[in-house]
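K.L.:
Could you have a look at this structure, given as structure tokens, before my questions?
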Amino acid sequence: MRKLRNLCLLIILVAFIIFGGTKALLWYYTEKTAKDIQNALPPGAFNYTGITTSLNGSTSLDNINLLINGQNVKIEKIELATNNILELLLLIVKNWGSKIPNELTLKIKGIKVDIDSLRTTEWAAKIFNDSLSIPCGKINKMTTQDYNNMGYKYFIFDLNMGYKKISNTRVKLDADMNMRDALQVSLSFYGSTSIINPSAKKNIVPEFQINIKNNIIQEKLYDYCAKQENISLKEYVDKLPPYLNREDLDKDTVSSLELSISDNIMNALNEYQKKPQDLYFSTNPKGDISFNELKNMSEQAVIDLIRPSLKINGKNIPIEFEWMTADALSKRTAPKNTKTSIPIIQSSERILTTIDQLNEQAFNKKIEIHTTSGIVYKGAFKKVQGNLLHMTIYKSWGTSDLTLETNTIRLVYILSDF
């Protein structure tokens, strides 16, 4: 009995030494990495007061002080975490030269920045120094004193970023930013690894979510400007000019995405400007599809495949858009009804055929293609040459040529009429 008790004590002691030693190593290498950073920067540019490690697989620097462009930035904590302590230790010991763990989280808590620092920082200067786009009495640009009067002497940010490898081809990325007493933004990506590889030849549309909520700073700005206008907050909000107009919105969306969004989306976004509580947008694709492939599809096919969702202040907003080129936009003299176009095919009659018979049977006819990834294309058949099928897709603003590899085609139908 005594031997068994001694054996148990020995096991506990060995475990304590192993885990305690591992934790001590993690603390040592965390401090070593921090000192390396400190030594690489000018004196006083990077300081901290403590290190915290956990057997759960996390390590943090506490009470950090940074000197950036002559301005002090204080941070409560920077924490790095993985699934277990050994993965984290290996990552730090090898100075990030080892394989990135399957799961990695970075948390930065309490980034405290005063208003003057933000106004002189390049990435934030445009936001904080731009002219106001809303009426605000005699104020054209917000000063540091104006922000102080709104209750902001400084801003405090919390950032959480996560990476999770689901498989060799799938990853999940998360990012949350909490601007305390001001704004919260959450982002989430799930999909092909191409989303973290900008040079990828085929960028797959990911499962994506963005949520902007608790826009307190916008509400405080309205309240502040209402006082400058000597009217009530309700009167001020009711009189706000629309944030978006059709002409400018189309210029932006057509130049960047080659599409024009519907009036109901534009109007909903303008309503959100007056009551900025909660804005949510997501995509939930049925399968792998690249951004370039989407442009060869009809508007309704894109919506059916990508399954986008837009909610503003808890209300579902129907997604409708129209493909539009810059040339087509310049020729448009009056706003069009942007209701999603009805599929071109008007007849349900169709004949199933094979790819080898298309050149003979489908000359000058319309066809419907079902791909192995679940996408359906409808348009005019041109020819099959080698392992490629050539067809023309019809859109609201014209036509577009499409080429498909025959090994990606599951079914082919010849349509009786258009």
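Here, each number is a calculation from the coordinates, and none is a lab measurement. A quick note: this is a predicted structure, and the numbers were derived from the prediction, not measured. We place every Cβ from the backbone using ideal geometry, glycine too, and count neighbours over all the protein chains shown.
K.L.:
Need one number for region 151-269: average projected area of the convex hull over its C-alpha atoms, nm².
P.N.:
10.6
K.L.:
Apply the Karplus curve 6.51 cos²θ - 1.76 cosθ + 1.60, θ = phi - 60°, to the phi angles in region 296-313 and return the couplings in whole Hz, x for Gly and Pro.
P.N.:
9, 10, 6, 4, 5, 5, 4, 5, 5, 7, 7, 6, x, 9, 10, 10, 10, 6
K.L.:
Note down the nm distance, to one decimal, between modelled labels 7 Å out along Cα→Cβ at SER330 and at VAL376.
P.N.:
3.7
K.L.:
Show me, for region 232-242, the HN-Hα J-couplings you get by feeding each phi into the Karplus relation (A = 6.51, B = -1.76, C = 1.60, θ = phi - 60°), rounded to Hz, glycine and proline as x.
P.N.:
6, 4, 4, 4, 5, 5, 4, 8, 4, x, x
K.L.:
Where does each of TRP323, TRP27 land when they are ranked from fewest to most other beta-carbon atoms within 10 angstrom?
P.N.:
TRP27, TRP323
K.L.:
Under the 0.36 nm per residue contour assumption, what length would be gained going from the current alpha-carbon distance of LYS274 and VAL73 to full extension?
P.N.:
Once the chain is fully extended between LYS274 and VAL73, it gains 69.0 nm.
K.L.:
For ILE210 and ASP130, calculate 0.36 nm times their separation in residues minus their Cα-Cα distance, and state this gained length in nm to one decimal.
P.N.:
Full extension from ILE210 to ASP130 adds 26.3 nm.
K.L.:
GLU258 to LYS164: extension gain in nm, 0.36 nm per residue of separation minus the Cα-Cα distance?
P.N.:
The span from GLU258 to LYS164 would gain 30.6 nm if fully extended.
K.L.:
Then there is this: Among THR169, LEU106, GLN209, which residue has its Cα furthest toward the positive end of the charge dipole of region 106-227, with +1 on Lys/Arg Cβ and -1 on Asp/Glu Cβ?
P.N.:
Looking along the dipole axis, the top candidate is THR169.
K.L.:
Quick check: convex hull over the Cα atoms of region 350-415, volume per residue in Å³, rounded to an integer?
P.N.:
Taking the convex hull of the Cα positions in region 350-415, it is 80 Å³ per residue.
K.L.:
Using a basic spin-label model with each label point 7 Å from the Cα along Cα→Cβ, how many nm lie between VAL93 and GLU219?
P.N.:
5.1
K.L.:
Near the amide H of ASN83, under 5 Å away, which other amide H atoms are found, from residues 5 or more places off or on another chain, if H is placed in the peptide plane?
P.N.:
Counting only residues 5 or more places away or on other chains, the set is GLU103.
K.L.:
Simple spin-label model, 7 Å along Cα-to-Cβ: LEU240 to ILE351 in nm?
P.N.:
Each label point is offset 7 Å from its Cα along the Cβ direction, giving 6.0 nm.
K.L.:
Based on the Cβ-Cβ distance from LYS153 to LYS311, what FRET efficiency comes out when R0 is 30 Å, to the nearest 0.05?
P.N.:
Result of the calculation: an efficiency of 0.30.
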